[in-house]
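The values are calculated or read from the model by the stated rules, or taken from the named source; none is laboratory data. Keep in mind it's a predicted model, so treat the numbers as computed, not measured. Here Cβ is always computed from backbone atoms with ideal geometry, including for glycine, and neighbour counts include all displayed protein chains. Keep in mind that these areas ignore ligands, DNA and RNA; they rest on the heavy atoms of the full protein, side chains included. Shrake-Rupley method; radii C 1.70, N 1.55, O 1.52, S 1.80 Å.
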Amino acid sequence: MRTVTTTPFGARPVTACLVDHHARGQGPAPVSEVDKWEVLNALSLCGRDYGLGDRTIGVLQVLLSFHPDRVLRDGQPLVVFASNLAICQRAHGMPESTLRRHIAALVGAGVILRHDSPNGKRYARRGQGGQITRAFGFDLRPLLVMARELAERAAEEQARRDRLKTLREEVSLMLRDAVKLILFAQESGRGGHWDALDDRAQLARRYLRRKLSEDQLISMHDDMTDLLAQIRARTGVDNPAENVVEIAPKTEEMSGSAGKNERHYQTSEKEASDRTPPPLGQVLDACPDVLPYLDRRITGWNDFVQAICRVAPMTGIDARTWAEGCRHMGSENAAATVAGIVQRIGQIANPGAYFRTLARKAEQGNYSPHSLLGPLERQAA
């Protein structure tokens, strides 16, 4: 049974925004259930649309870890009633003042609802069978209501990032052609004023080092097209055949299946095969050091992934990096990788950066946790 409290405890006032968020969060959901980690992954991509930064989304990750099930189901208890102390401990020792600020941001964005008890404490009342009959704390149901919206925005953001990556790649190639063709013309003694064109190319090279918006990259692409046209006309070097593959963005609807962690672009057969996780028993045998950190009995991959979601922040892997790993590797492979990192923690200077590197290799089809677990398994033997 979900609580129906609306007004906050203490000096916090009721605002029009708060009332709107409560009305939406308690309204009908477009889906009956959703994988909580898929929702987190989507929000990690589009969090800026809601004014949420990485650390705030990291706090949401901690709150989700207190929910016992991987799937958020409509009609089931979705209120997290952990104390600030428990949340701060699970958030790798975050100061309580910082936690309150991030909680306020999540509430302000309508991502969670606050259901305060008469005395402001968080707790749950249970029936004779042990089931929760009333709970006071943070309601996760808005994530269920927003699931489809978050999936669409995440797909749009991924498509935007893909466009930026393609534009930057094309501009970089064009710039390389411009610089080397100018050098070729100068060394071969071709007549003409090449200094002005070279200055233009060198200025573009410095500009490309910055973090540019899509509009800036489009403008730069147009400039490079014009510059290359002038250079090719003077040198007589023909334009090469285009080698561009257009990727049409596709919006994926998040599912409640624990075995799915969809990516918003197509993968090759090689990449798909790399996402097959190793046997869970192999992971546990090769990485015994992770066992003391697991907060539950492991009966399958679902239990292991949920437990590792709590372990990952302890190693320095933030919510965005974890979401990136789940997206590129699959959640099971990402969890196996974190276990391997814990096993080698004394040999890795920056676990967060190391995990990010492996995630990017997985995106290119060049990483599987088997390569990390193999040596560990031989050491364990």
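Scanning the range 33-43 for residues that are basic (Lys, Arg), out of contact with any Leu (no Cβ under 8 Å at 6 or more places or on another chain) and in contact (Cβ under 8 Å) with a residue 40 or more places away in the chain turns up nothing.
Note on the range 58-88: residues that are among the aliphatic types (A, V, I, L, M), free of Cβ contacts under 8 Å to residues at least 60 places away in the same chain and in a loop (DSSP other than H, G, I, E, B) total 1. Got at least one residue in the range 154-168 being closer than 30 Å to Gly192 by Cα and surrounded by 13 or more Cβ atoms within 10 Å (Cβ to Cβ)? Yes, there is a match, as at least one residue in the range 154-168 is closer than 30 Å to Gly192 by Cα and surrounded by 13 or more Cβ atoms within 10 Å (Cβ to Cβ). Number of residues in the range 89-118 that are touching an Asp or Glu at 6+ places or on another chain (Cβ under 9 Å) and either in a loop (DSSP other than H, G, I, E, B) or surrounded by fewer than 20 Cβ atoms within 10 Å (Cβ to Cβ) (or both): the value is 2. What are the residues in the range 260-299 that are at pLDDT below 85 and assigned to a helix (DSSP H, G or I), if any? Glu269, Lys270, Glu271, Ala272, Ser273, Asp274, Pro292, Tyr293, listed by residue number. Residues in the range 12-56 that are under 28 Å from Asn119 (Cα atoms) and modelled with pLDDT of 90 or more: Thr56 alone.
Each residue in the range 172-199 was checked for being buried (at least 18 other Cβ atoms within 10 Å of the Cβ) and not hydrophobic (A, V, I, L, M, F, W, C), and 1 of them qualify.
Determine the pairs where a residue that is in contact (Cβ under 8 Å) with a residue 24 or more places away in the chain, located within the range 92-108, has a partner that is basic (Lys, Arg) with Cβ atoms under 6 Å apart, the partner being 6 or more residues away or on another chain. Filtered contacts from the range 92-108: Val107/Arg114.
For Ser32, indicate whether it is touching a strand residue (DSSP E or B) at 6+ places or on another chain (Cβ under 8 Å), open to solvent by 20 Å² or more (accessible area, probe 1.4 Å) and among the polar types (S, T, N, Q). When the stated conditions are applied, Ser32 passes them.
Residues in the range 128-140 that are surrounded by fewer than 22 Cβ atoms within 10 Å (Cβ to Cβ) and either in contact with a helix residue (DSSP H, G or I) (Cβ under 7 Å, 6 or more places away or on another chain) or not in a loop (DSSP other than H, G, I, E, B) (or both) were compared, and the one that is modelled with the lowest pLDDT is Thr133. Among the residues making up the range 27-57, those that are of a type in the set (D, E, K, R) and either part of a helix (DSSP H, G or I) or touching a Phe, Trp or Tyr at 6+ places or on another chain (Cβ under 7 Å) (or both) are Lys36, Glu38, Arg48, Asp49, Asp54, Arg55.
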